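K.L.:
Take this structure, written in structure tokens, and hold onto it; I'll ask about it next.
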Amino acid sequence: MATQPLTTSSGMPVSDDENSLSFGPRGPLALQDHHLLEKLAHFNRERIPERVVHARGSGAYGMFTLTKSLKDFTLANFLQNKGEQTELFLRFSTVAGEQGSSDMIRDPRGFAVKFYTKEGNYDVVGNNTPVFFLRDPLKFPDFIHSQKRCPMRNVTNPDAVWDFWAHNPQSLHQITILFSDRGIPKSFRHMNGYGSHTFSFWNTKSERFWFKWHFKTNQGIQCLTNEEAGEIVKHRPWAAQEDLFDSIESSEYPSWTVYVQIMPEQEAQRNPWTFDLTKVWSHKDYPLIEVGKLELNKNPDNYFAEVEQSAMSPSNFVPGIGASPDKMLQARLFAYPDAHRYRLGANYNTLDVNRPQAGAINTYQRDGQMCPYQTGKKNYGTYDNSTFDGKDHPSSDVIYKEPPMRLSSEALDRFDHLEGNDDYIQAANLFKVMTENQKQQLGSNIAGALSGAREDIQERMLIHFDRVNEVYGKLVKNELGKQ
Ligand code: NDP
């Protein structure tokens, strides 16, 4: 007898896993071969819906070490004491490609961190760029559709890709980053991460501060040209997954130095771009403050269970950290948990990789598909503020209340820009900090992609590049071979 018997999923030892039950060696099969039926039926159900965006990902566990206390700004427990360590899981991804697509494409990269704090999970669900293409979530599904395979021909359509951008100059800042020399990271280890949105901190005095996360790679930024990436794709389409896994496996642990930019609450009014996801905060006005180190040091044991089923959400906050009015963030607070409920079911937070490590999870939620706990067991079959509050009846506590968010009174309406906030200035600022060689690469990368679009769409884009900076416009025009 084998020491580890093969079993069915109900635990029954299996006598033969190679020959199905049949009437004679030529068949037919007997319906009573329940082991065969279970095996085939489970195989049919191996796939769950892939994410509509960020479908292709890689992940690893690690540790965050606080090197500077942030107690003046936030009461978040894991940011109080220098030296405090918090375990985490980080999922990297590309955005537009499907789950089986190549890692080596020109695309932003997701950079999503789940901190398993003592006060519950805190997720920073960001990218490798400090900005995004849009500032309004109403455009998001349309934008993604324009970048994905078109419904009829089922391949990406350069006309749609560039036509969307031609009608949405708010994307110009992100386009400039995407088509710069940094548009194809050499690996997930060789790129920065950003929380991208503005978030809010509050401290024990109920003072609020706005802040942004920056994770700067300690491996150095390294990128690929289109040609270099094209060569790698031929032989190793999943090179970034291999690189991350193999470097951790050989104890070469990648790390990032963690910074925040902090803005006093009242200054938000002065800056029209404070909550605009297409804009950064200038380093000069809001210098980076070094606060910690993030290191990845353990690979998942099972890709599907831990990476494919990891469920990050910008709505996973801890006391002392909250949202800002950023419209894109506000929409993501809804959209991410909604996507997880669709893909994984209502109890997705009970999966190992998503389960908080903060002690007891005491909700009054009940049941749903794949519910692994018995809420009734502890008599939690009740509600907050009941006669039974107390032992075995958890109750809410006002000590966790976020201070009121003071925003100027505005009319309820549909807005594009705040006055004084334009779509071109920060793309121009980035263009200015580029070297001649970087500018040249930018022009050539854009032209290479834009040349596939219709003439009239190219012309519209050239007007935008010109408005960012005349040299920028000329570079793209020359590279397109236009006079
Ligand atoms: P700074 O001169 O202080 O900073 C310039 C920043 O640009 C640095 O963080 C640098 O990153 C980054 N950078 C350089 N080349 C690229 C590129 N091809 N793609 C993306 N980032 C790049 O200037 P400001 O703070 O005034 O910002 C100027 C512009 O820099 C912004 O418009 C924005 O596009 C870009 N930027 C700004 C950031 C911010 O938080 N302020 C963050 C990232 C980019 P590194 O230091 O790693 O070389």
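K.L.:
Can you tell me how many residues within the range 176-194 are among the hydrophobic types (A, V, I, L, M, F, W, C) and away from the ligand (no atom under 11 Å from the Cβ)? Explain how you work it out, then say what you get.
P.N.:
First, pick out the residues of the range 176-194 that are among the hydrophobic types (A, V, I, L, M, F, W, C): 177-179, 184, 188, 191.
Narrowing further to those that are away from the ligand (no atom under 11 Å from the Cβ): 184, 188.
Here the count works out to 2.
K.L.:
I've got another one for you. Give me a count of the residues in the range 130-175 that are part of a helix (DSSP H, G or I) and within 16 Å of the ligand (Cβ to nearest atom). I'd like the intermediate steps shown before the answer.
P.N.:
Initial filter on the range 130-175 (part of a helix (DSSP H, G or I)): 137-147, 158-166, 169-175.
Those left that are additionally within 16 Å of the ligand (Cβ to nearest atom): 169-175.
Counting residues in the range 130-175 that are part of a helix (DSSP H, G or I) and within 16 Å of the ligand (Cβ to nearest atom) gives 7.
K.L.:
Now, a different point. Determine if the range 44-63 includes at least one residue that is assigned to a loop (DSSP other than H, G, I, E, B), closer than 18 Å to PHE211 by Cβ and at pLDDT 95 or above. Walk me through it before giving the result.
P.N.:
So the first thing to find is which residues in the range 44-63 are assigned to a loop (DSSP other than H, G, I, E, B), and the list is 45-56.
Then keep just the ones that are closer than 18 Å to PHE211 by Cβ; that gives none.
No - not one qualifying residue is present in the range 44-63.
K.L.:
If ASP246 satisfies all but one of (1) within 24 Å of ILE184 (Cα to Cα); (2) within 12 Å of the ligand (Cβ to nearest atom); (3) not small (Gly, Ala, Ser), what's the number of the condition it fails?
P.N.:
All conditions are met except number (2).
K.L.:
Related question: Name the residue that is nearest to the ligand (Cβ to nearest atom), counting only residues in the range 256-285 that are among the hydroxyl-bearing types (Ser, Thr, Tyr) and out of contact with any helix residue (DSSP H, G or I) (no Cβ under 9 Å at 6 or more places or on another chain). Give the derivation first.
P.N.:
If we filter the range 256-285 for residues that are among the hydroxyl-bearing types (Ser, Thr, Tyr), which is where we start, we get 257, 259, 274, 278, 282.
Adding the requirement that they be out of contact with any helix residue (DSSP H, G or I) (no Cβ under 9 Å at 6 or more places or on another chain) leaves 257, 259.
Values: THR257: 11, TYR259: 9 Å.
This residue is TYR259.
K.L.:
Looking at LEU79, LEU29, LEU75 in this structure, which one is among the aliphatic types (A, V, I, L, M) and in contact with a Pro (Cβ under 7 Å, 6 or more places away or on another chain)? Spell out how you get there, then give the answer.
P.N.:
On the way: LEU79 fails: in contact with a Pro (Cβ under 7 Å, 6 or more places away or on another chain); LEU29 fails: in contact with a Pro (Cβ under 7 Å, 6 or more places away or on another chain).
Result: LEU75 is the single residue among LEU79, LEU29, LEU75 that is among the aliphatic types (A, V, I, L, M) and in contact with a Pro (Cβ under 7 Å, 6 or more places away or on another chain).
K.L.:
Considering every residue within the range 312-333, establish whether at least one is part of a loop (DSSP other than H, G, I, E, B), hydroxyl-bearing (Ser, Thr, Tyr) and away from the ligand (no atom under 16 Å from the Cβ). Show your work before the answer.
P.N.:
Of all residues in the range 312-333, those part of a loop (DSSP other than H, G, I, E, B) come to 312-320, 323-326.
Next, only the ones that are hydroxyl-bearing (Ser, Thr, Tyr) stay: 313, 315, 324.
Then keep just the ones that are away from the ligand (no atom under 16 Å from the Cβ); that gives 313, 315.
Yes.
K.L.:
Report the residue count in the range 302-358 for those that are acidic (Asp, Glu) and in contact with a strand residue (DSSP E or B) (Cβ under 9 Å, 6 or more places away or on another chain).
P.N.:
The initial filter retains those residues of the range 302-358 that are acidic (Asp, Glu), namely 306, 308, 326, 338, 352.
Now restrict to residues that are in contact with a strand residue (DSSP E or B) (Cβ under 9 Å, 6 or more places away or on another chain): 306, 308, 326.
Final tally of qualifying residues: 3.
K.L.:
If you don't mind, there's one more thing I want to ask. Take the range 183-207 and flag every residue that is assigned to a loop (DSSP other than H, G, I, E, B) and surrounded by 20 or more Cβ atoms within 10 Å (Cβ to Cβ). Steps first, answer last, please.
P.N.:
Step one: list which residues in the range 183-207 are assigned to a loop (DSSP other than H, G, I, E, B), which gives 183-184, 186-187, 191-192, 195-198, 203-207.
Scanning the range 183-207 gives GLY183, ILE184, LYS186, SER187, MET191, ASN192, GLY195, SER196, HIS197, THR198.
K.L.:
Another one. Which pairs have Cβ atoms under 6 Å, sit 6 or more apart or on different chains, and link a residue in the range 274-289 that is outside the structural domain of ASP72 (by TED's automatic domain parsing) and farther than 15 Å from PHE215 by Cα to one that is near the ligand (Cβ under 8 Å from one of its atoms) and aromatic (Phe, Trp, Tyr)?
P.N.:
Listed pairs, sorted by first residue: none to list.
K.L.:
Right, another one. Among the helices (runs of 4 or more DSSP H) confined wholly to the range 381-483, which include 1 or more residues that are within 16 Å of the ligand (Cβ to nearest atom), out of contact with any Asp or Glu (no Cβ under 8 Å at 6 or more places or on another chain) and within 27 Å of THR274 (Cα to Cα)?
P.N.:
The qualifying helices (runs of 4 or more DSSP H) are 425-433, 455-468.
K.L.:
Shifting gears a bit: Among the residues of the range 286-311, which ones are out of contact with any helix residue (DSSP H, G or I) (no Cβ under 8 Å at 6 or more places or on another chain), in a loop (DSSP other than H, G, I, E, B) and either within 16 Å of the ligand (Cβ to nearest atom) or over 18 Å from LEU244 (Cα atoms) (or both)? Please lay out each step first, then the result.
P.N.:
Looking only at the range 286-311, we keep the residues that are out of contact with any helix residue (DSSP H, G or I) (no Cβ under 8 Å at 6 or more places or on another chain), and these are 286-290, 292-295, 301-308, 310.
Add one more test, that the residue is in a loop (DSSP other than H, G, I, E, B), and what stays is 286-288, 301-302, 310.
Correct list: TYR286, PRO287, LEU288.
The values are calculated or read from the model by the stated rules, or taken from the named source; none is laboratory data. Quantities reported herein were computed from a predicted structural model and do not represent experimental measurements. Because the Cβ atoms are built from the backbone with ideal geometry, glycine has one as well, and the counts that use them run over all protein chains shown.
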